[in-house]
Structures are given as structure tokens and as C-alpha cells.
Amino acid sequence: MNLQNLTSTREKTIPVIQKAGEILCSYFGSNVLISTSKGGVDFVTQADIEVDRFLVQELTKLFPESTFLTEETAPDSYDDLQHEDDVWVIDPLDGTTNFSRQREHFAIAVALVQRGEAELGFVYLPLENKFYWAQKDHDTAVLNDRQIVVSSNSDIGTAVIATDWPWDMAKRNIIISALGPVMQSVRACSMLGSAASDVATVATGILDGYFHSGLKPWDIAASALILQKAGGSITRLDGTAWNMFCPDILATNGKIHKQLLELIRS
Ligand SMILES: [Mg+2]
């Protein structure tokens, strides 16, 4: 079908995501922001909903045979999508808390997935002017037309990493337990508020690693491909094989992976 040519698909998709970024920014700082509780501490704004709708509408026009798994339209159960072709996995706004508090650090994340494996990944931070992409049949990851690679740091003692709080309160205990030993060993650990951006930042070498205990496929599908193409490593928090449908992730430059895994598991 028409998605097979990944380069052509990428070139058609990038302007759609850029336009989605303009729509997102038009809501930034707006005091007509409407928030609706999603339950617990999670929430959604009008910007999430509008950008979600726009991306589905425009990508459907370009690629009519697509299937969608988006944050704002996902059904309760979507595991069967692991076996489907041409699935667009979309987070219209990753970092909604930052966005709603006028912090400029938030992203749009879009991945094209074939049978559970990302073939294209895009992460766009419109107010920071950062556009990342990676493509399965290319060897490189790209930020604003430049190749990016992970850091060469293999010393856990000088590592700079990031993590974040899951929405699921029970899963926050995993982060709380891990932070004790991790913070006794690494140089610094940030909570920046956008998993998609943070994993892409590991791909640039600015961060050496990232871990999280409660992600959804749309948070991570795009940036995981970007990190893999930049030379990084990804496993689950118990060291077993990861895929985008797993809730937990350890994503690193590869060189501190084993050391960080041991700290998290200790
Ligand atoms: Mg979101």
C-alpha cells in the first residue's frame, strides 16, 4: 500500500506535524484553556483534543488505509493493534502539565507502526524549535537536519539522567524505590515532564539515560525509534526485552545501561 515508501511518507508527514505544532502553540498561554479530568491526577486540555483531531484528519487524507492509536481516542484495550499494519501512534501533546502551566517544554509525538514496530518516529517541540525524526531503513537519527548520537559516557558516577512520575499512583512507588539507590550514584536526575522529549534528548547525548514505570505506546513509540537509531539501548526495568506496549522502560546511551539497571533493581 501507499505507506511502503517510508521516505515519501516521512516527507508528506512532516508538514502535517509542523502545522499541528502551530495549532498547539495557538493555545499556549491561553486563558480559555478547558481542562477535563481524565481521572486521578491525569487531565486533558482543549489543545490535546484539537491537535489529536487535526492529526487524524490530515493523516487520513494522505493515507486513507491508516489505523490510529491516539492518546485522546484510544479504546480501553488496544493490544490487538500490535498485529496490525499502518498504525499511526499519536500523542498530540506530551507534557500537558508543562503546557498548562506555561512551561515551553512539551512535544507532539507521532510514529508509524507496522505490527508493533515503529518504522517512522517524529518528536516535535514547537516552542523549543526542535524537530526529531528517525526512519527504520536509515542508520541515523535526526534533529533539525543534523545527525544526533548518544553520549559516550560509561561512568555512572557522572551520569545525568531523567525520570518522571506516572499518572498511576501505584506505579509511582516504583520510581520512589528506584530513586534512592540511583540518587546515591548518578550526578543528576531531572524530571522534565515529557517522556517523548526526554528519550529523544538521550538520543542527543545531553542525557545519558531515562527510566519510567507507567508509559503508553503514544508516549514512547516515536522517541524509542529515534534513540535506537542514535545508538541507544532500551529494555524493560527488569532487563527483559522492551516493546512499545510495555508500561516500563529503561532507555540509555547503552554504556551505562547495565549499571543503571542494577541500581533500579537493587
Ligand atoms: Mg498527551
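The values are calculated or read from the model by the stated rules, or taken from the named source; none is laboratory data. Please read all numbers here as calculations on a predicted model, not as lab measurements. As a convention, Cβ positions derive from the backbone with ideal geometry for all residues, glycine included, and neighbour counts pool all protein chains shown. When the accessible area is computed, the model is the full protein with side chains, heavy atoms only, and any ligands, DNA or RNA have been set aside. Shrake-Rupley method; radii C 1.70, N 1.55, O 1.52, S 1.80 Å.
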Determine which member of the set 157, 193 is open to solvent by less than 40 Å² (accessible area, probe 1.4 Å), in a loop (DSSP other than H, G, I, E, B) and at pLDDT 95 or above. 193
Single condition residue 168 does not satisfy, out of (1) more than 16 Å from the ligand (Cβ to nearest atom); (2) among the charged types (D, E, K, R); (3) more than 22 Å from residue 120 (Cα to Cα): (1)
State yes or no: is residue 67 out of contact with any Gly (no Cβ under 8 Å at 6 or more places or on another chain) and more than 19 Å from residue 217 (Cα to Cα)? no
Examine the stretch 214-230 for a residue that is more than 16 Å from the ligand (Cβ to nearest atom), hydrophobic (A, V, I, L, M, F, W, C) and surrounded by fewer than 19 Cβ atoms within 10 Å (Cβ to Cβ), and state whether such a residue exists. no
Scan the stretch 96-118 residue by residue and report those that are open to solvent by 30 Å² or more (accessible area, probe 1.4 Å) and either in a loop (DSSP other than H, G, I, E, B) or more than 16 Å from the ligand (Cβ to nearest atom) (or both). 101, 102, 103, 104, 105, 115, 117
Any residue at all in the stretch 13-32 that is at pLDDT below 95 and either in a strand (DSSP E or B) or of a type in the set (Phe, Trp, Tyr) (or both)? yes
Residue within the stretch 135-147 that is in a loop (DSSP other than H, G, I, E, B), within 24 Å of residue 245 (Cβ to Cβ) and open to solvent by 70 Å² or more (accessible area, probe 1.4 Å) present: yes
Could you please find all residues in the stretch 151-188 being touching a helix residue (DSSP H, G or I) at 6+ places or on another chain (Cβ under 8 Å) and among the acidic types (Asp, Glu)? 164
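Kindly indicate which of 203, 162 is buried (at least 18 other Cβ atoms within 10 Å of the Cβ) and assigned to a helix (DSSP H, G or I).
Step by step, each of 203, 162 is checked, and only 203 is buried (at least 18 other Cβ atoms within 10 Å of the Cβ) and assigned to a helix (DSSP H, G or I).
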Please go through the stretch 177-188 and pick out each residue that is surrounded by fewer than 20 Cβ atoms within 10 Å (Cβ to Cβ) and either modelled with pLDDT under 95 or within 15 Å of residue 261 (Cα to Cα) (or both). 177, 179, 180, 181, 183, 184, 185
Can you report the number of residues in the stretch 55-95 which are crowded, with 18+ Cβ neighbours inside 10 Å, in a loop (DSSP other than H, G, I, E, B) and within 12 Å of the ligand (Cβ to nearest atom)? 3
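Could you say whether any residue in the stretch 113-129 is of a type in the set (Lys, Arg), touching a residue at least 60 places away in the same chain (Cβ under 8 Å) and touching a strand residue (DSSP E or B) at 6+ places or on another chain (Cβ under 9 Å)? Can you show your working first?
If we filter the stretch 113-129 for residues that are of a type in the set (Lys, Arg), which is where we start, we get 115.
Subset that is touching a residue at least 60 places away in the same chain (Cβ under 8 Å): none.
Taking every residue of the stretch 113-129 in turn, none turns out to be of a type in the set (Lys, Arg), touching a residue at least 60 places away in the same chain (Cβ under 8 Å) and touching a strand residue (DSSP E or B) at 6+ places or on another chain (Cβ under 9 Å).
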For the stretch 119-132, which positions are surrounded by fewer than 24 Cβ atoms within 10 Å (Cβ to Cβ), away from the ligand (no atom under 16 Å from the Cβ) and among the hydrophobic types (A, V, I, L, M, F, W, C)? 131
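Conditions tested, residue by residue: (1) among the hydrophobic types (A, V, I, L, M, F, W, C); (2) in contact with a Lys or Arg (Cβ under 8 Å, 6 or more places away or on another chain); (3) under 26 Å from residue 88 (Cβ atoms); (4) outside any helix (DSSP H, G or I).
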residue: 211; (1), (2), (3), (4): yes, no, no, yes
residue: 221; (1), (2), (3), (4): yes, no, yes, no
residue: 247; (1), (2), (3), (4): no, yes, yes, yes
residue: 255; (1), (2), (3), (4): no, no, no, yes
